[in-house]
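Heads up, the thing below is written out as structure tokens.
The values are calculated or read from the model by the stated rules, or taken from the named source; none is laboratory data. Note that this is a predicted model, so its numbers are computed, not measured. Glycine gets a Cβ as well: all are built from the backbone with ideal geometry, and neighbour counts include every protein chain shown. For accessibility, only protein heavy atoms count, side chains too; no ligands or nucleic acids. Shrake-Rupley method; radii C 1.70, N 1.55, O 1.52, S 1.80 Å.
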Amino acid sequence: MEEQVTSHIIKGVILSIVSIAFSVIVYVFNLYEMQSLSYLNYAIFLGGLIYGAILYSNENKNQVTFGNVFAHGFKTTSVIIVITVLYTVLAFKFLFPDMLEKVLDISRKQMMKNPKMNDEMIEQAMSMTKKYFLPFAIGGTIIATGFLGLIGSLIGAAVAKKKTNPFENQS
């Protein structure tokens with residue numbers, strides 16, 4: 001009986017659900033200002049990608065190359081990016097419309113701590129932020145998730161067991 005390989009789509013959906021659940025918990029409990037929680041979310045994401053790469057190698061009886069494992073990890077990342085971008089749009093437009101105001105309040109507090117910024121500069125920055133928030137949120141999600149996915153896929157491909165000789169003929 002042939003062992004089935006878990007699809008990158010399934011892994012991407014699972015990691016996306018975990019990330020979205022984490023995001024909802026942060027929202028519900030109003031934990032936006034705890035920077036350590038975002039680091040925890042990144043660690044879970046990276047750990048999931050690395051585990052997914054190892055699982056992929058094991059399910060293929062370690063008959064994979066670095067490139068195979070990396071590609072699988074980055075395909076998983078691509079699925080996560082699509083789902084996360086969809087969630088970001090839905091969250092800010094429909095599910096949690098007040099989230100934008102909370103994020104803007106946090107941004108205002110951060111700007112007020114900067115002695116080089118006066119009230120006029122802060123208001124101008126807040127106006128621009130509010131106007132272009134969603135495109136920046138989407139772009140930031142794509143770039144940050146893609147970068148973390150690249151790192152996680154590289155680490156996962158490096159630590160996953162692979163066939164000993166990549167130049168050996170496969171039958």
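Inside region 9-30, residues that are open to solvent by 50 Å² or more (accessible area, probe 1.4 Å) and over 15 Å from the mean Cα position of the chain (by Cα) make up a count of 5.
Restricting the search to helices (runs of 4 or more DSSP H) fully inside region 33-113 and requiring at least 2 residues that are touching a residue at least 40 places away in the same chain (Cβ under 8 Å), within 22 Å of residue 10 (Cα to Cα) and open to solvent by 70 Å² or more (accessible area, probe 1.4 Å) gives 35-59, 66-90.
Quick one: residue 25 ticks every box in (1) in a loop (DSSP other than H, G, I, E, B); (2) within 20 Å of residue 101 (Cβ to Cβ) except a single one, so which number is it? Condition not satisfied by residue 25: (1). Looking only at region 88-113, count how many residues are among the aliphatic types (A, V, I, L, M) and under 21 Å from the mean Cα position of the chain (by Cα). Qualifying residue count, region 88-113: 7.
Among the residues of region 40-87, those that are more than 19 Å from residue 143 (Cβ to Cβ) and of a type in the set (S, T, N, Q) comprise 57, 58, 60, 62, 63, 65, 68. Within region 114-143, if we keep just the residues that are under 23 Å from residue 38 (Cα atoms) and more than 24 Å from the chain's Cα centre (by Cα), the residue that is surrounded by the most Cβ atoms within 10 Å (Cβ to Cβ) turns out to be 126.
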